[in-house]
Amino acid sequence: MAYITYRGENTSLMLYGIRFPAKIPVLVEQGEVVKKLQERADFDVQEEKVYPLEDLTLVQLKDKAKAAGIKGFSNMNTQDLITALRGGGKPTDNTPPAGDQPKPEGADGKNADANNTPTA
């Protein structure tokens, strides 16, 4: 038994009847498959147990983030830490700030519809 991680750039890869999502450890119990994947450069094989990030506590996630050099980890919640540890950085919220009202004008300061003349 070993945890095998596909290091490639594809979203996932299917080999020997096993789906390997990119950069997520998968438990493989077949010894022959483990031996074959050890020979490939695009796979990491780890005999020790790898815990999924979702199974770690907030304190454990913060310890991992600190070791990884992630800035602002102390203010992140569990999901933000998991995203940052997977390489996504701190997620951004695309909603405008509370006091920032949407503006109906176009870039020239006029009403956006005023720039377009009606067509028949």
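Per Stokes-Einstein, at 37 °C and 0.692 mPa s, what whole-number D in µm² s⁻¹ belongs to segment 2-46, with the Kirkwood radius over Cα pairs as the hydrodynamic radius?
Calculated translational D: 322 µm²/s.
When Lys and Arg each count +1 and Asp and Glu each count -1, what net charge do the other residues less than 10 Å away from residue 82, Cβ to Cβ, add up to?
0
Skipping prolines and chain starts, which residues have an amide H placed within reach, meaning under 5 Å, of the one on residue 15, given they are 5 or more residues away or on another chain?
Here the answer is 20, since their amide H atoms fall under 5 Å of that of residue 15.
Starting from the Cα-Cα distance between residue 63 and residue 75, subtract it from 0.36 nm times their residue separation and give me the gain in nm to one decimal.
Taking 0.36 nm per residue and subtracting the Cα distance, the gain is 3.0 nm.
Once you put a point 7 Å from the Cα of residue 23 and another 7 Å from the Cα of residue 41, both along the Cβ direction, what distance in nm separates them?
Distance between the two pseudo-spin positions: 2.0 nm.
Coordinate-derived values only; no laboratory data. Since the structure is predicted, the reported quantities are computational estimates derived from the model, not experimental observations. Glycine also receives a Cβ, built like all others from the backbone with ideal geometry; neighbour counts cover every protein chain displayed.
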